[in-house]
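Undergrad: Would you mind keeping the following structure in view while I ask a few things?
Quick note: the coordinates plus some simple rules give every number you see, no bench work behind them. What you see is a predicted model, and the numbers here were worked out from it, not measured in a lab. Counting neighbours? That spans all protein chains shown, and the Cβs are built from the backbone with ideal geometry, glycine included.
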Amino acid sequence: MLYRMTRRDMVWLHSTEGVPGWRYYPVWLDAEDQQGDRLQAFSLIANGLPEDGNPSLRYITLLREGAAQHGLPDHWVETLNAVQHAGAAHRSVQACS
């Protein structure tokens, strides 16, 4: 999924996610839009740690809604729906203890 952003939008997004910083870093890549046109895009990559755990409910909900709204293939939607959010994952660990 791609979003067209101005440089100002990108700077704002980076500031909300702590870029530059210790948490995420941007990666530039070549992408293709739905019409097959090539363009430059970026993604924010996290320096993942084993203790990071699952995504927040807010974040996984945004991904799920975006996938559905943009018509991503069913297997992607199903993969996102199978991801437990941080609160649910924490509760299931407590239940097993």
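Undergrad: Gain in length, Thr61 to Val27, computed as 0.36 nm per residue apart minus the alpha-carbon separation, to one decimal in nm?
TA: Details: separation 34, 0.36 × 34 = 12.24 nm, distance 2.37 nm.
Stretched fully, the Thr61-Val27 segment lengthens by 9.9 nm.
Undergrad: Here's another thing I want to ask about it. Would you calculate the separation in nanometres between label points at Met1 and Ala68, each defined as 7 Å from the Cα along the Cα-to-beta-carbon direction?
TA: 1.1 nm
Undergrad: Then there's this: For helix 7-16, report the angle its Cα long axis makes with the longest principal axis of the Cα atoms of the chain; keep it between 0 and 90° and round to the nearest 10°.
TA: Approximately 20 degrees, to the nearest 10.
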